[in-house]
1. At what distance in nm do the modelled label points of residue 26 and residue 60 sit from each other, each positioned 7 Å from its Cα along Cα→Cβ?
2. I'd like the orientation of helix 31-81 relative to the chain: the angle between its Cα long axis and the longest Cα principal axis, in ° from 0 to 90, rounded to 10.
3. Answer with a single label: of (1) 72; (2) 51; (3) 58, which was calculated as percent of Cα pairs over 20 Å apart from the structure in view?
4. Quick one: angle between helix 87-101 and the longest Cα principal axis of the chain, in degrees between 0 and 90, rounded to 10, please.
5. What is the gain in length, in nm to one decimal, between residue 33 and residue 101 on full extension, counting 0.36 nm per residue of separation less the C-alpha to C-alpha distance?
6. For every helix of n ≥ 4 consecutive DSSP H residues, a contribution of -39,500 (n - 2.57) applies; sum these over the chain, divide by its total residues, and give [θ] at 222 nm rounded to the nearest 500 deg cm²/dmol.
7. Taking the beta-carbon count within 10 Å as an exposure proxy, list 94, 40 from fewest neighbours to most.
8. Relative to the longest principal axis of the C-alpha atoms of the chain, give the angle of the C-alpha long axis of helix 141-153, reported between 0 and 90° and rounded to the nearest 10°.
């Protein structure tokens, strides 16, 4: 079966029109589908990034919570060591008791401003404060040394900030005047 020239031209025209329709359909039809797929892929990628950031934030929060719990656990023994009464009252009563035990008399005891450096360190912990105390005491070196050791041992958060000893107080060669400044970490609650 042979086709006439006119039928060959018609067949060629149908094939060309058909291919053109397919190409145009593919270009405009499938192009839209491909663009929609590309946009979906971009959105999926952005969502994956956000989900990853959210998971990291959640993990960071869990780590921070564990650190807080560990910190609170470490703070509990410190809080348990705090005196049950106001720090100033406890400190004055304790200093008097320790001085009496060593047969010493406190002179000029008063509250003072705490050491600025130590106060800065303590302020980092919002639950704690700092009380400063200044006083003078007279006695021999042995009495004064034992007094300071017992006073510091009375509370683990009591620190002697400064101490000055003047020899021969009141004309007695073996009696010395000691000026002391102490700081004590206190509970604000």
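1. Between residue 26 and residue 60, the simple spin-label model gives 4.9 nm.
2. Around 10 degrees separate the two axes.
3. Derived directly from the coordinates: (1).
4. It works out to around 40 degrees.
5. Using 0.36 nm per residue and subtracting the Cα-Cα distance, I get 15.1 nm.
6. One gets -20000 deg cm²/dmol as the mean residue ellipticity at 222 nm.
7. Details: 94 17, 40 10.
Least crowded to most crowded, the residues run 40, 94.
8. Long axis of 141-153 versus the principal axis of the chain: about 30 degrees.
Any read-out appearing in this document is the output of simple, stated calculations on the displayed coordinates, not a laboratory observation. None of these values were measured; they are calculated from a predicted model. Heads up, the Cβs are rebuilt from the backbone with ideal geometry, glycines too, and the neighbour counts pull from every protein chain shown.
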